[in-house]
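Novice: Please find one structure pasted underneath; my questions will follow.
The values are calculated or read from the model by the stated rules, or taken from the named source; none is laboratory data. The shown structure was predicted, so the numbers you read here are calculated from the model rather than taken from an experiment. Backbone-built Cβ (ideal geometry, glycine too); neighbour counts: all protein chains shown.
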Amino acid sequence: MRALARSLVVPVMAGVVAALLLSCSGREPQRAVLATDGDYHPFNFVNDSGEIDGLERELADELCRRAELDCEWVIHDWETLIPSLADEQFDAIVSGMSITEERDSVIDFTEPYYPPSPSVYLALEGAGDEAAASRLGAADNTIHSDYFEGLGVEFEAFGPDRPGIDALLDGDVDAILVDHAYAVEKVAELEGRVAIVGPEVLLDRGIGVGVREGDKLKDRLDDAIESMKADGSLNALITRWVGADAATF
């Protein structure tokens, strides 16, 4: 869905916290390289300081702290995240990746850190539900483009050079199929220019961290995610980044 250059690497672990964890546990933290595409606001993006930012940056930093992981980030093309994970170019994918049966057949996922939520259609304000049955668009190489292809529905595929929201605002398509969280953010950001229309479509089992099959890193991350769910910090993080209408646990 999203793609940027592959070469940017950003160290992330806080030294003081890591040192405290080491002194308490007595074991060396496991090193882990986390990959994101850096182009999917509010989950992940590169801020004005050139640093990886967003819900997933903050979330994964906290997961690393709780799991006693010494983590660093790398930006990588969206389209090759899964094969590059298998090639051991990095250890985990934290990039707004929905858990689907097809993906789960080639890599493992942690339990979801963002709950299953329906994908929705975005259209110009006032267009009505009929827009979802007209000229459609979706980001290429995503669950949304896969959905349209599976139905045999004609649609315009968008790459990183021109996001679907730009095509929608320019009137080149009547509706785009997007993640619920993205839609909520765009409705708020564009202040009355776009609206959610038409039917909802449930396409995934939530968003999780992708790891290589059989990697025990999954267990450490699962424990950390569960602890954040239990103490309410994960829901608070989601709401702060996505908004009050975000899906939560």
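Novice: Kindly check whether there is at least one residue in segment 97-107 that is touching an Asp or Glu at 6+ places or on another chain (Cβ under 9 Å), surrounded by fewer than 14 Cβ atoms within 10 Å (Cβ to Cβ) and outside any strand (DSSP E or B).
Specialist: Yes; the residues of segment 97-107 include at least one that is touching an Asp or Glu at 6+ places or on another chain (Cβ under 9 Å), surrounded by fewer than 14 Cβ atoms within 10 Å (Cβ to Cβ) and outside any strand (DSSP E or B).
Novice: Let me ask something additional. Working only within segment 120-154, note down all residues that are of a type outside the set (A, V, I, L, M), under 11 Å from V173 (Cβ atoms) and buried (at least 21 other Cβ atoms within 10 Å of the Cβ).
Specialist: If the condition is that a residue be of a type outside the set (A, V, I, L, M), under 11 Å from V173 (Cβ atoms) and buried (at least 21 other Cβ atoms within 10 Å of the Cβ), then Y121, G137 are the ones that fit.
Novice: When you go through (1) crowded, with 21+ Cβ neighbours inside 10 Å; (2) over 15 Å from H41 (Cα atoms); (3) among the acidic types (D, E) one by one for D179, which number turns out not to apply?
Specialist: (2)
Novice: Scan segment 214-237 and tell me whether some residue there is within 19 Å of the chain's Cα centre (by Cα), without any contact (Cβ under 8 Å) to a residue 60 or more places away in the chain and surrounded by 14 or more Cβ atoms within 10 Å (Cβ to Cβ).
Specialist: So far as segment 214-237 goes, yes, one or more of its residues are within 19 Å of the chain's Cα centre (by Cα), without any contact (Cβ under 8 Å) to a residue 60 or more places away in the chain and surrounded by 14 or more Cβ atoms within 10 Å (Cβ to Cβ).
Novice: Can you tell me which residue among V94, V46 is in the same structural domain as V209 (by TED's automatic domain parsing), under 16 Å from L221 (Cα atoms) and modelled with pLDDT of 95 or more? Even if it seems obvious, please write down each step before you answer.
Specialist: Numbers: V46 fails: under 16 Å from L221 (Cα atoms).
Unique residue meeting the criteria: V94.
Novice: With respect to V211, determine if the residue is at pLDDT 95 or above, β-branched (V, I, T) and in contact with an Asp or Glu (Cβ under 7 Å, 6 or more places away or on another chain). Spell out how you get there, then give the answer.
Specialist: On the way: at pLDDT 95 or above: yes; β-branched (V, I, T): yes; in contact with an Asp or Glu (Cβ under 7 Å, 6 or more places away or on another chain): yes.
In short, yes.
Novice: Follow-up. Could you identify the single residue in D53, D108 that is within 29 Å of V201 (Cα to Cα), in contact with a helix residue (DSSP H, G or I) (Cβ under 8 Å, 6 or more places away or on another chain) and acidic (D, E)? Reasoning before the result, please.
Specialist: On the way: D53 fails: in contact with a helix residue (DSSP H, G or I) (Cβ under 8 Å, 6 or more places away or on another chain).
Exactly one of D53, D108 is within 29 Å of V201 (Cα to Cα), in contact with a helix residue (DSSP H, G or I) (Cβ under 8 Å, 6 or more places away or on another chain) and acidic (D, E), namely D108.
Novice: Give all pairs with beta carbons closer than 7 Å in which a residue from segment 156-169 that is touching a residue at least 40 places away in the same chain (Cβ under 8 Å) meets a residue that is part of a helix (DSSP H, G or I); count only pairs at least 6 apart in sequence or on separate chains.
Specialist: I165/K186
Novice: Then there's this: Would you mind listing the strands (runs of 3 or more DSSP E) fully within segment 140-213 where at least 1 residues are among the aromatic types (F, W, Y)? Don't jump to the end; show me each part of the working.
Specialist: Working: elements: 156-158, 175-178, 194-201.
Result: 156-158.
Novice: Does G171 satisfy the criteria of being within 15 Å of the chain's Cα centre (by Cα) and modelled with pLDDT of 95 or more? Full working, then the answer.
Specialist: On the way: within 15 Å of the chain's Cα centre (by Cα): no; modelled with pLDDT of 95 or more: yes.
The answer is no for G171.
Novice: Restricting attention to segment 72-89, report how many residues are without any contact (Cβ under 8 Å) to a residue 60 or more places away in the chain and buried (at least 24 other Cβ atoms within 10 Å of the Cβ). Before you say what the answer is, go through the steps one by one.
Specialist: Within segment 72-89, the first condition is being without any contact (Cβ under 8 Å) to a residue 60 or more places away in the chain, and the residues that meet it are 80, 83-84, 87, 89.
Filter again for buried (at least 24 other Cβ atoms within 10 Å of the Cβ), leaving none.
Number of matching residues: 0.
The rows are residues; the columns are (1) outside any helix (DSSP H, G or I); (2) farther than 30 Å from L177 by Cβ; (3) at pLDDT below 95.
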| residue | (1), (2), (3) |
| --- | --- |
| A18 | no, yes, yes |
| S23 | no, yes, yes |
| A32 | yes, yes, no |
| E56 | no, no, no |
